[in-house]
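Bear in mind that the values in this text are calculations on the coordinates, not laboratory data. In this text, all values refer to a predicted model and were calculated from it rather than measured experimentally. Cβ sites come from the backbone with ideal geometry, for glycine too, and all protein chains shown count toward neighbours.
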Amino acid sequence: MKAMILAAGRGERMRPLTDSCPKPLLVAGGKPLIVWHIERLAAAGIADLVINHAHLGRMIEDALGDGARFGVRIRYSPESSALETAGGIARALPLLGDAPFVVVNGDVFCDADFAGLRRAAEELNPVRCAHLLLVANPTHNPDGDFGLTPDGQVRDDEGERLTFSGIGAYHPALFADVPPDTPAKLAPLLRTAMARNRVTGARLLGRWVDVGTPERLHELDNSLRTA
């Protein structure tokens with residue numbers, strides 16, 4: 001099983017912090033956000049990682065190297081300019097291969113059950129091609145993103161309204177029609193698949209923080225240091 005960590009975003013809302021540091025390398029609780037993901041993926045037995053980058057991408061490669069010190073193997077998918085989520089994943093498909101894989105946003109903090117997500121990924125196929133982890137709606141996204149039905153289907157207009165955590169598992173077939181090296185958002189692909197009953201999901205029951213502003217980063221850092 002492989003995983004991709006999305007690390008290509010500019011992090012405009014985090015400026016000026018991200019003027020000189022890529023957002024996934026911002027530190028909370030004594031370590032970069034992306035390292036928390038790497039360690040938790042490794043603990044779940046997912047040790048073959050792909051990381052995309054654009055803004056200050058060389059800093060990410062210099063900081064993480066080949067991943068050996070974390071017990072993982074890291075390969076990089078550089079983008080000259082950020083390709084959005086679906087575009088970045090499509091570009092990285094040659095590194096990800098033909099099997100389902102896990103994807104994690106590099107700028108969130110979570111203690112998700114990656115072992116459980118790995119098991120869900122193993123059940124995906126070209127028809128049921130995505131499994132999303134959803135969270136209770138935070139104050140900055142009160143209306144949520146998608147609906148989760150009692151039978152575990154994710155819909156655009158049905159079920160309990162929740163927020164997409166930025167963590168999911170996908171079959172490569174979901175990205176088959178994304179033009180190479182072209183910016184493309186993930187939500188339209190997911191909504192098309194939802195309309196065809198091809199997306200399942202579950203609630204992320206652990207801690208999850210969208211580290212979208214300096215204030216949220218500061219709060220997270222304080223909470224981790226005092227835990």
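All C-alpha to C-alpha distances of the range 2-226, sorted into 10 Å bins beginning at zero, yield P(r) values of 8, 34, 40, 16, 1 percent in whole numbers. When +1 charges are put on Lys and Arg Cβ atoms and -1 charges on Asp and Glu Cβ atoms, the dipole computed for the range 79-118 relative to its Cα centre reaches about 120 debye.
A simple spin-label model places pseudo-atoms 7 Å from Cα toward Cβ; at N222 and L205 they are separated by 3.0 nm. Compared with the direct C-alpha span, the chain from H140 to V27 gains 38.5 nm at full extension, assuming 0.36 nm per residue. Annotation: the residues S223, S81, S165, sorted from fewest to most other C-beta atoms within 10 Å of their own C-beta, follow the order S81, S223, S165.
Charge dipole of the range 1-120 (Cα centre as origin; +1 on each Lys and Arg Cβ, -1 on each Asp and Glu Cβ, all else neutral): 80 debye, rounded to the nearest 20. With the simple model of a label 7 Å out from the Cα in the direction of the Cβ, A187 to D151 spans 2.7 nm. Computed from point charges on the beta carbon alone (+1 for Lys and Arg, -1 for Asp and Glu), the dipole magnitude for the chain about its Cα centre is near 280 Debye.
Please list, by residue number, everything in the range 85-111 whose backbone N is under 19 Å from a paramagnetic label point 7 Å out along Cα→Cβ of E122. Within reach of a label on E122: 97-103. For the chain, what proportion of DSSP beta bridges, expressed in % and rounded to the nearest 5, is antiparallel? Of all bridge pairs located within the chain, approximately 50 percent are antiparallel. What do you get for Rg/Rh over the range 99-186 if you use C-alpha atoms and the Kirkwood form of Rh? Reported Rg/Rh (Cα atoms, Kirkwood Rh): 0.96.
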